[in-house]
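A.B. asks: My structure is below; once you've seen it, I'll send some questions.
The values are calculated or read from the model by the stated rules, or taken from the named source; none is laboratory data. Everything numeric here is computed off the predicted structure, so don't read it as measured data. No Cβ is skipped: glycine too gets one built from the backbone with ideal geometry, and neighbour counts run over all protein chains shown. Calculation scope for accessible area: heavy atoms of the full protein, side chains included, ligands and nucleic acids excluded. Shrake-Rupley method; radii C 1.70, N 1.55, O 1.52, S 1.80 Å.
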Amino acid sequence: MFAFNMFDQAIPHAFRNRFSTQYRCYSVSMFAGSDRSDVEKGGKIIMPPSALDQLSRLNITYPMLFKLTNRKTDRMTHCGVLEFVAEEGICYLPHWMMQNLLLEEGGLVQVESVNLMVATYSKFQPQAPDFLDITNPKAVLENALRNFACLTTGDVIAINYNEKIYELRVMETKPDKAVSIIECDMNVDFDAPLGYKEPERHYQPEDTSDIETEHTAFVPIDLGFRAFTGAGNRLDGKKKGVDPSPAQINPEDIKRGIPNYEFKIGKITFIRNSRPQPKRIEEDTGANRFIAFSGEGQSLRKKGRKP
């Protein structure tokens with residue numbers, strides 16, 4: 001009799017704590033029961049209860065992160081788990097995740113447990129220029145990423161804001177191509193949206209010709225004061241019958257002032273009126289001279305006999 005022990009070789013520790021199963025995948029819209037549109041807003045999947053039983057027996061690290069692989073197309077991504085309430089042999093994925101994996105309804109997907117490094121940096125590229133219409137896109141993305149567990153370089157994720165779906169491609173992640181974003185301090189950067197064009201700026205050509213100006217051009221022209229040249233308005237809103245027609249000024253009648261030959265550009269000179277003022281000659285006549293207390297008094301009582 002010969003005894004064969006087929007399990008003498010020790011199984012590596014990495015494979016003993018590894019979860020790897022194949023499931024039929026469906027979109028969340030195929031999930032029976034209540035509406036689970038919240039799954040579409042994040043990067044987590046729904047797995048069967050047997051997966052939780054198997055994961056609890058393994059010494060895996062938390063949070064639970066998984067690698068999804070479509071072996072037919074050799075496409076892979078990473079995700080977290082939301083609940084363990086799916087039917088046996090079935091898992092439910094967000095629609096954008098099935099598009100990244102090129103999976104159809106009922107296709108096979110390989111689910112494996114993985115450990116990812118914590119993210120420190122990520123760069124996104126919006127897939128449409130209308131993403132720039134959001135007032136604060138960084139805050140919107142930060143709020144949407146709370147429903148995600150990890151990011152994979154090359155994936156196109158979908159976020160919902162104001163009842164509109166915006167798609168963003170993960171261009172870069174650090175320190176690895178797949179990172180965990182649970183309880184992390186991550187710097188977020190944006191690339192130019194797909195199809196975005198910089199607005200054209202029209203520059204007016206500057207006139208570089210140097211024109212020498214004469215000093216006499218700086219002397220103001222006295223056009224003279226023309227009174228009552230404006231248009232009148234009535235309180236009742238009616239228009240006047242005759243429109244004012246201001247008299248035209250003959251250019252020959254315009255008189256220029258005396259030029260200041262000592263004028264220098266950049267220097268302001270204030271010329272005051274130097275004409276002598278006429279002196280008033282006061283006539284020392286008795287009529288114009290002021291005499292104090294020269295007035296006459298008045299009495300209310302008339303002078304006369306007493307009654």
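A.B. asks: What number of residues within region 177-197 are under 15 Å from residue 65 (Cα atoms) and open to solvent by 70 Å² or more (accessible area, probe 1.4 Å)?
C.D. replies: Count: 2.
A.B. asks: Suppose we filter 101, 93 for residues that are under 18 Å from residue 153 (Cα atoms), touching a strand residue (DSSP E or B) at 6+ places or on another chain (Cβ under 6 Å) and surrounded by 14 or more Cβ atoms within 10 Å (Cβ to Cβ); which single one remains?
C.D. replies: Going through 101, 93 in turn, just one is under 18 Å from residue 153 (Cα atoms), touching a strand residue (DSSP E or B) at 6+ places or on another chain (Cβ under 6 Å) and surrounded by 14 or more Cβ atoms within 10 Å (Cβ to Cβ): 101.
Okay, residues lined up against (1) part of a loop (DSSP other than H, G, I, E, B); (2) in contact with an Asp or Glu (Cβ under 8 Å, 6 or more places away or on another chain):
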residue	(1), (2)
59	yes, no
66	no, yes
69	no, yes
77	no, yes
99	no, no
113	no, no
145	no, no
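A.B. asks: Among what's in region 115-130 and is assigned to a loop (DSSP other than H, G, I, E, B) and not hydroxyl-bearing (Ser, Thr, Tyr), pick the residue that is surrounded by the fewest Cβ atoms within 10 Å (Cβ to Cβ).
C.D. replies: 115
A.B. asks: Do we have any residue at all in region 131-147 that's modelled with pLDDT of 90 or more, open to solvent by 10 Å² or more (accessible area, probe 1.4 Å) and in contact with a Gly (Cβ under 6 Å, 6 or more places away or on another chain)?
C.D. replies: Yes; the residues of region 131-147 include at least one that is modelled with pLDDT of 90 or more, open to solvent by 10 Å² or more (accessible area, probe 1.4 Å) and in contact with a Gly (Cβ under 6 Å, 6 or more places away or on another chain).
A.B. asks: Right, here's the next one. What are the pairs with Cβ atoms under 7 angstrom where one residue, in region 69-88, is hydroxyl-bearing (Ser, Thr, Tyr) and the other, located anywhere, is open to solvent by 40 Å² or more (accessible area, probe 1.4 Å)? Sequence gap at least six, or different chains.
C.D. replies: 69/76; 73/102
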